[in-house]
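Below is one structure, written out as structure tokens, with a few remarks after it.
The values are calculated or read from the model by the stated rules, or taken from the named source; none is laboratory data. This is a predicted model, so every value here is computed, not measured. Cβ placement follows ideal geometry from the backbone for every residue including glycine, while neighbour counts extend to all protein chains displayed. Each accessible area value is taken on the protein alone, full model and side chains, heavy atoms only, with ligands, DNA and RNA left out. Shrake-Rupley method; radii C 1.70, N 1.55, O 1.52, S 1.80 Å.
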Amino acid sequence: MMNKIRLFFAGDICSKPSAASISVSDELKGLIGSCDVKVINFEVPLKPEGAAAPKGRERFFQHDDVPDFLRRLGFNVFSLANNHMFDWGDAGFRKTKEALGEGAFGAGTYEEAYTPLVVEVNGLKIGFLALSFAAYTGVFDDVTSHEGLGCAYLNDLRVNHDIMEARKQVDYLFVLPHDGIEYIDIPMPETMARYRDFIDYGADGVFGTHPHCPQGWEEYKGKPIFYSLGNFLFNSKEGYDYRATDKPHWYEGLGVVMTIQDGRLSWETVNTRNTGNTGIIIDPEEERNLHNETLCRYIGDKALYSNYLKNICKELGAKEMSIVDLTFHSRTLKACTRQLLHHWGEKIRKKDFTNDYALQRLLTHDARRHLLVWSIKKNNNHPNHV
């Protein structure tokens, strides 16, 4: 009989304040400790010494003691493929990689980023492939350039071949994509299709992150797809008292215990909660289980899913469309004047007038772009297959 192997999968981790004040309940510690391999998305890099904040959008970093905090909990596999890993450039990435050690993967040189991490447990080789959507910077989404450092891009066509090849070298392969729309609790149709691709090409399970809230999951061809594990803990502010009141489910996480025994896979979920940015517990509320059941039912029912997503897109799509509208169709005199001055300022600097940051952010994020297109189709009664 093959020895039993247990793996624990958690969502995003970021703590700008010291992790010294963060406690984990004994119940959750025990569950994590009962597993042989513990996997988490290290969402935000460490800040390099003496570095000034890069210009542009807000750049996140987390406290230098977070790696040791995670290791004390037993975490030994760290995904670095995400949209914030290069917020502090190559120096921030290198410091983070060094602090986490050999268990950190999904970013580096082009070949390093796409190389799966392989962990041997009880005579079995377990592979992990970490991928990210096309972020603002730091992702190898330009297929013509493989220079420098970056994260593996989940829509690079090499990924399909990498999965097939990796599956020949390991006994089990799990894909960890970082993608989706933030703060909504079901995946986009394109996200579902892509994650199912991973199973079709040979993955034994998919564990998504990035939306910052748990989403539904499904069993596809006998393999699990978890579309988002939410936040294990995410606090990018200076203190512990910050509350993200405008983000539903921000403090909720989904842990997954995967068991491999006698050549078979089984899995169970556990609801976690961040309490006051200083505690992580197993959530006892039955309401969480009912919410999970509803989301999974939506994913399994085409009509329910389409209707629920339509309502979400009606609101979020309008926000995304406003980005395009303000970029190309300013209507007020004040906005027109501002844009005209911006236009001539860009010409003086010999830059492209349409190089608008907000528009770039929208169009280079595959899932956000799909959200906008999907919303327009629905609002105009265009046919759309889910």
Q.
I need a count of the residues in segment 269-282 that are touching a Ser or Thr at 6+ places or on another chain (Cβ under 8 Å), open to solvent by 40 Å² or more (accessible area, probe 1.4 Å) and either part of a strand (DSSP E or B) or free of Cβ contacts under 8 Å to residues at least 12 places away in the same chain (or both).
A. 1
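Filter segment 186-203 down to residues that are hydrophobic (A, V, I, L, M, F, W, C) and not in a loop (DSSP other than H, G, I, E, B) and give me whichever is surrounded by the most Cβ atoms within 10 Å (Cβ to Cβ). Break it down into steps so the answer makes sense when it comes.
Step one: list which residues in segment 186-203 are hydrophobic (A, V, I, L, M, F, W, C), which gives 186, 188, 192-193, 198-199, 203.
After this cut, where a residue has to be not in a loop (DSSP other than H, G, I, E, B) as well, the list is 192-193, 198-199.
Working: Met192: 20, Ala193: 11, Phe198: 26, Ile199: 20.
Only one residue fits best here, namely Phe198.
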Q. Can you name the condition, by its number, that Leu233 falls short on among (1) within 25 Å of His63 (Cα to Cα); (2) assigned to a loop (DSSP other than H, G, I, E, B); (3) modelled with pLDDT of 95 or more?
A. (2)
**Q.** Single condition Glu182 does not satisfy, out of (1) modelled with pLDDT under 95; (2) over 27 Å from Pro17 (Cα atoms)
**A.** (2)
(Q) Filter segment 245-266 down to the residues that are buried (at least 19 other Cβ atoms within 10 Å of the Cβ) and within 24 Å of Tyr201 (Cβ to Cβ) and list them by number. (A) Val256, Met258, Ile260
Q: For segment 18-77, enumerate the residues that are open to solvent by less than 50 Å² (accessible area, probe 1.4 Å), charged (D, E, K, R) and in contact (Cβ under 8 Å) with a residue 60 or more places away in the chain.
A: Glu43, Arg57
Q) Could you say whether any residue in segment 236-244 is crowded, with 24+ Cβ neighbours inside 10 Å and within 18 Å of the chain's Cα centre (by Cα)? A) no
Q. If the Cβ limit is 6 Å and pairs must be 6+ apart or interchain, which residue in segment 214-239 that is over 10 Å from Gly11 (Cβ atoms) pairs with which residue that is in a strand (DSSP E or B) and polar (S, T, N, Q)?
A. Asn235/Ser15
